[in-house]
Each structure stands twice: as C-alpha cells, then as structure tokens.
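To start, the structure under review is shown below, and the notes come after it.
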Amino acid sequence: MNNIQLSSKSNINPIQQNSFEQLIDNSIVMAYRGILKIFRNPEQLFDVTLMPIIFTLMFSYIFGGAIAGGVRNYLPVIIPGILVQTLLSASMTIGVQLREDMDKGVFNRFKSLPIARISPLIGALLANIVRYLIATILTFMMGFLIGFKAYGGITGVISAGMLVIFVAWSMSWVFIFLGVVTHSASSLSGLSNLIMMPLTFLSNAFVPTNSFPKALRIIANINPISHLISAVRLLTNHGMMGREIWFSLLGGIIFIAIFAPLSLKVYMSKA
C-alpha cells in the first residue's frame, strides 16, 4: 500500500465519495495496489504457480498408470481436476488477505482517505482475477508439455478456463464473508482448508466415482465441484456443452446472490 497515489478524482468532497464514478476509479487504484502486492511478494503466487506444476506431475506419474493405464490416458481426467482444485484453493487467499489487512489496521488507514468505502474490497476481487489467469495458463501449459491433447480445441480450453475463473471468483465471496466474521487469519486459513479439502477430494477430480463406496459415491456425484470438473472435461476434451455447465454457472450465481450481500453488509459495518 506504500506510496499509492490516488487519482485526482479520488480527492473530492467526502459528500460525493459514494458516486459510482468514484467507486470505479478507487476500485481500479486498489486493484493496482493488489497486483503490486502480488508481484512484490512472490510467495503470494506459490499456490497458483507451484501447485499446478507439482500436482500435475505428481498425480500424473504416480496415479496415471494405476488409474488409466498410462499418463497420457490419465491427462484428460487429471488436468481439469487440477485446474478446478487450484483455482478454488486460490479463492481462499482473498479472505485470508482481507483478514490480515483488517488485523494490521490497513483498513483503518483506508477509512481516513476520501475514497469509496467498498473500493478496497472490489479492488482485491479484481486483483485476484490475475491470480486465476496465472493458474489457468500454467495448468494447461503443464498439461500440454507432458502430452495433454485438448480435442475441444482452443475454444474449448478458453471456455473451460473462463468457466472455472467465474466459479472460483463467485466462491471467493464465501471466503470474504468468512474473512470479515472470523477473528484471525490463521483460524480462517484452517477453516477454509477444512471446507475445501473434503469437497475437492470427495469428487471426481482425481479418480472415477464408480470406484467409491456407495455412500461416498452418492456424495461425490452431487458434489458441485464434480459437476464443475465434468463441465471442464466436456469443454476441453470434446468441445461440448452439457448440463453440468449450466449447473456450474447456476451454482456460481447462487454463491454471489447469497454471500455477496452478506459480505458487503458485514464489511461495511466494520470498514
């Protein structure tokens, strides 16, 4: 946040600070701040750079032969799974960073500035899209390097990436809500992992669900993450759209509709 210069539009009468034009202006400045934080602290990119590389190699070469008879046969299964897992895990970061900023008093400093009160939050959401893009590009690149063939073509790959980015962005509202209601970044991190790990591993991300015990198979088949991964596989491997895509889009809209108003209400009461 050091040496951030707000534009001239931000230095207006506080009475006008809630204008839509100022909100856009301030949010862009805060998004720029978030992007600078990301690239000045490379460790913030470890989860979206190292994770897709390490997980793709590890799962492909350890489980590929056992599950699909070979790495190349396993890649159409695992690449969509790694992509979804990586981006949904990246959604947790925004809540943790928000909680850290609140604990360190950064938001108290924002309150003293003549800016729209919600702009730091909107800026963080915009900046997080950069992390999603990095993770998406690296996951597909890693897959292509070890032999992944996207028979859905470039259109299928781009569509799959956009779908996962949208759902991950919508889920970030859940972790924003948790960020403003929890008491520490460490407790939020633990709670977020407790939510995401069972959802991710109890899905069709890494193995076919028909190998699960009956009770777990039922849970995995209704898991929203399973529908998202199936949608990504249809797009990347076949270039097709199925009902799983509409389920995933609907799920993202529901997350936003429920958690965005809740998050904004609590955030505005504290910001």
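The values are calculated or read from the model by the stated rules, or taken from the named source; none is laboratory data. Values in this document were obtained by computation on a predicted structure and should not be read as measured data. A quick note on method: Cβ atoms are made from the backbone with ideal geometry, for glycine too, and the neighbour counts reach across all protein chains shown.
Just a yes or no: is a residue in segment 49-68 closer than 20 Å to Val174 by Cβ and over 14 Å from the mean Cα position of the chain (by Cα)? There is no residue in segment 49-68 that is closer than 20 Å to Val174 by Cβ and over 14 Å from the mean Cα position of the chain (by Cα). Can you confirm whether Arg40 is modelled with pLDDT of 85 or more and charged (D, E, K, R)? So Arg40 fails the test. Here segment 108-153 is the region considered, the condition is being of a type in the set (Val, Ile, Thr) and over 16 Å from the mean Cα position of the chain (by Cα), and the residue that is surrounded by the most Cβ atoms within 10 Å (Cβ to Cβ) is Ile115.
As a summary of the residue check, Val48 satisfies the conditions (1) crowded, with 16+ Cβ neighbours inside 10 Å; (2) closer than 16 Å to Gly123 by Cβ; (3) of a type outside the set (Asp, Glu); (4) at pLDDT 70 or above except for the one numbered (2). If we scan segment 241-248, do we find a residue that is touching a Phe, Trp or Tyr at 6+ places or on another chain (Cβ under 7 Å), of a type outside the set (Gly, Ala, Ser) and in contact (Cβ under 8 Å) with a residue 12 or more places away in the chain? Checked segment 241-248: no residue is touching a Phe, Trp or Tyr at 6+ places or on another chain (Cβ under 7 Å), of a type outside the set (Gly, Ala, Ser) and in contact (Cβ under 8 Å) with a residue 12 or more places away in the chain.
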